[in-house]
Structure formats: structure tokens, C-alpha cells
Amino acid sequence: MGQQRVFVAGHRGMVGSAIVRKLQGRGDVQVLTANRADCDLTSQAQVEAWFAEHPVDHVVLAAAKVGGIHANNTYPAEFIHQNLMIQTNVIHAAWRHGVRRLLFLGSSCIYPRMAAQPMAESALLTGELESTNEPYAIAKIAGIKLCESYNRQYGCDFRSVMPTNLYGPGDNFHPDNSHVIPALMRRFHEAVQSGDDEVTIWGSGNPRREFLHVDDMAAACVHVKDLPAEVYQAHTQPMLSHINIGTGEDCTIRELAEAMARATGFTGRLRFDATKPDGTPRKLLDVGRLRNLGWRARIGLEEGLRDTYQWYIRHVGDARSK
């Protein structure tokens, strides 16, 4: 049997690049990618032409327009429109060109704002979404339903995974629109460089969050993609087919900040500004379905933060200090 040709859409992002790294270590896989200049995924004509020219066995759909609360609030039309276009074009072209299997990547923000903790797959569509990222979440829910609908009508094998909060090499460390781990890492790094004796963290430090290293996420994606169809179907339902990906464990923001101080070598004081908003008290995924399918996270938070900080120093911190 020849090599499996796998198209990773969104290979330049943090998640897509981690999946490419994971797949490139295998001799039985040929990884295909496409830059925006080669194929704009929001263009139906370009996606159709790309698939017509490049025979593909499997697709990993990691391409998406992503951002933090500020970006989601400022550009809601772009977030829903671009993500719907990318998903619709790639999933439809995959069906038209006989792709054997597709893996769609969503987000844990698909679940209701007040979902019971930990959040099980069955919580989908049971309540109101978080208003700050509702357009993005709606697009991701539509992606799940696209996969399920093509499976039901055409007998496709299109699967969906929903990751928890991700971090790691390739993350976005922009001071204004990064997520909590890269934002804190940058803040602690700059405090160490400046010799500051105090770092301020927004909020009380009490909210609990779950964090997954992106290399674990990539390993989980490949694991789910490669499951035999009968195994995947035995653990899912035709109208509830997505699988949560996470660690099944969480920590407080205070505990995260303390771990970040250790990873960056910061020895000063931590000050929590309780006048700033805390957000949701807890966000934790139920990963029982994933564990029943034989996968568990392997990279602990302390190890993951150290690894990410080394990448940050090489690619971001040093460049900023020059």
C-alpha cells in the first residue's frame, strides 16, 4: 500500500503546524499543504481547482479565522463569514473529489455559556452561547453539522474534534489580542528582562481553566483521524459525532501564574487585580469519550510551559530585545 496523502488545511497556524510536525515523522504519510497564494480557502472556485489537481486521501481542516475577545467583538461579521466559507468550501470539495476521511477542528466555545462542568459533548445546542464569541461558535457548530450531514446523506467519513484552550510553539504573543498563557508569558518575560519585582494579573486568580499543549492536541487529532470507522462510529452518534479533546484537568489562574513564574524564572511578587473581570468561573471539558477511544494527554502544564517558553525566547523574546 502506498503513502497516505493528507492535506492539512491551515498548516501555518499553531494547530496546523503541530499536526504537520506530527505527520511528517511517519513514513506512511505524504503531507500536502497550500499557501493562501496557491489556494484561498474562502474561494469556492480556488478550493475546487486545488482538489481537482491534487488527489487526497485524508483532509485535516485546521484552517480558521481566530482571535481573542476583542477581535471577536470588533469583527463579528468576518469571523462568521470567513469560517463558514472555509468550512463549506473544503468539506464540499472533499466530498466531490472522493476524499476518504476528513477531520474538522472546532473549539470548546461551541458549548453553552452556562453549561454544566465538565462540559460533555451532549451539552451542544442546549443553551445560549457566550455573546462575545457567538458568531465564531456558530460557524464551528455549522462545521460539525456539515460533517454529520455529508455522512448521513452521502456515506462520508467526516469527523469533528473540539479542543480545549491550547498553547505552545507558534502561539500568538501579541500584547493586545493573545490568550491567557501567551499574554502572561510575555508579561513575565518582560518583567524578568526589566528587573521588575512585581507582575500584575487581571482578576482574582480564582477562575479555573483547562490547558492543552498543542503537540498533545496534534497527537490526539492524528489518533482520532486514524481510528477505524467502526470504532469511531461505535463511540459517537450520527447527530452527536464530535469528540472533546483536552486533559480532563484544570487549574486556577493563580496556579497558572505561579507555574509561569517558575517557567520564566520570575522571583518577584504576583499581584491580582480583582477590579478586572474574571470571566466564567470554570471551563473544563469532559474527555471520557476520548479516553474510551484510547488517548490521554501526556504533556503536563509545568513541562509544557517550559517548552513553550524556550520557543518564545528563540522566536519572539530575542527578536524583541535586539
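The values are calculated or read from the model by the stated rules, or taken from the named source; none is laboratory data. Every value quoted in this text rests on a predicted model; they were computed, and no experiment measured them. Please note: Cβ atoms are built from the backbone with ideal geometry, for glycine as well, and neighbour counts cover all protein chains shown.
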Here are the criteria: (1) farther than 22 Å from A191 by Cβ; (2) not assigned by TED's automatic domain parsing to the domain that holds I69; (3) not aromatic (F, W, Y). Tell me which single one L270 does not satisfy.
(1)
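Out of all the residues in the range 2-18, which are in contact (Cβ under 8 Å) with a residue 12 or more places away in the chain and farther than 22 Å from L84 by Cβ? Can you show your working first?
Applying the first criterion (in contact (Cβ under 8 Å) with a residue 12 or more places away in the chain) to the range 2-18 yields 3-18.
Passing the criteria: Q3, Q4, R5, V6, S17, A18.
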Condition check: in contact with a helix residue (DSSP H, G or I) (Cβ under 8 Å, 6 or more places away or on another chain) and closer than 29 Å to A183 by Cα. Does V29 satisfy that?
no
A careful count of residues in the range 28-74 that are touching a residue at least 12 places away in the same chain (Cβ under 8 Å), farther than 24 Å from P163 by Cβ and among the small types (G, A, S) gives 2
Looking at A139 and the list (1) under 18 Å from the mean Cα position of the chain (by Cα); (2) surrounded by fewer than 19 Cβ atoms within 10 Å (Cβ to Cβ); (3) more than 22 Å from T247 (Cα to Cα), which single condition is not satisfied?
(2)
Among helices (runs of 4 or more DSSP H) entirely within the range 59-167, at least 2 residues that are at pLDDT 95 or above, in contact with a helix residue (DSSP H, G or I) (Cβ under 6 Å, 6 or more places away or on another chain) and within 23 Å of K225 (Cβ to Cβ) occur in 76-96, 134-154
Among the residues of the range 203-229 satisfying the criterion of being of a type in the set (G, A, S) and under 15 Å from the mean Cα position of the chain (by Cα), which is surrounded by the fewest Cβ atoms within 10 Å (Cβ to Cβ)?
A219
Among (1) touching a strand residue (DSSP E or B) at 6+ places or on another chain (Cβ under 9 Å); (2) buried (at least 18 other Cβ atoms within 10 Å of the Cβ); (3) in contact (Cβ under 8 Å) with a residue 60 or more places away in the chain, there is one condition D273 misses while meeting the rest; what is its number?
(2)
If A219 satisfies every condition in (1) within 18 Å of T264 (Cβ to Cβ); (2) in the same structural domain as R12 (by TED's automatic domain parsing); (3) small (G, A, S) but one, which is the exception?
(1)
Check on S241, closer than 26 Å to R291 by Cα and either of a type in the set (K, R) or within 14 Å of the chain's Cα centre (by Cα) (or both):
no
Every residue from the range 142-173 that is buried (at least 18 other Cβ atoms within 10 Å of the Cβ) and among the hydroxyl-bearing types (S, T, Y):
Y150, S160, T164, Y167
From the list I253, I243, I299, exactly one residue is surrounded by 16 or more Cβ atoms within 10 Å (Cβ to Cβ), in contact (Cβ under 8 Å) with a residue 24 or more places away in the chain, farther than 27 Å from G205 by Cβ and of a type outside the set (F, W, Y). Which is it?
I243
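So which residues in the range 59-90 are touching a Leu at 6+ places or on another chain (Cβ under 8 Å) and either of a type in the set (S, T, Y) or buried (at least 22 other Cβ atoms within 10 Å of the Cβ) (or both), if there are any at all? Even if it seems obvious, please write down each step before you answer.
Narrowing the range 59-90 to residues touching a Leu at 6+ places or on another chain (Cβ under 8 Å): 59-64, 85-90.
Of everything in the range 59-90, those that are touching a Leu at 6+ places or on another chain (Cβ under 8 Å) and either of a type in the set (S, T, Y) or buried (at least 22 other Cβ atoms within 10 Å of the Cβ) (or both) turn out to be V59, V60, L61, A62, A63, A64, I86, Q87, T88, N89, V90.
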The condition of being part of a strand (DSSP E or B) and under 18 Å from F104 (Cα atoms) holds, among V56, V15, V6, only for V6
(1) over 23 Å from R306 (Cβ atoms); (2) part of a loop (DSSP other than H, G, I, E, B); (3) among the hydroxyl-bearing types (S, T, Y): which one isn't true of T247, the others all being true?
(1)
From the option list G205, G170, single residue qualifying as over 25 Å from G294 (Cα atoms), assigned to a loop (DSSP other than H, G, I, E, B), modelled with pLDDT under 95 and not hydrophobic (A, V, I, L, M, F, W, C) is G170
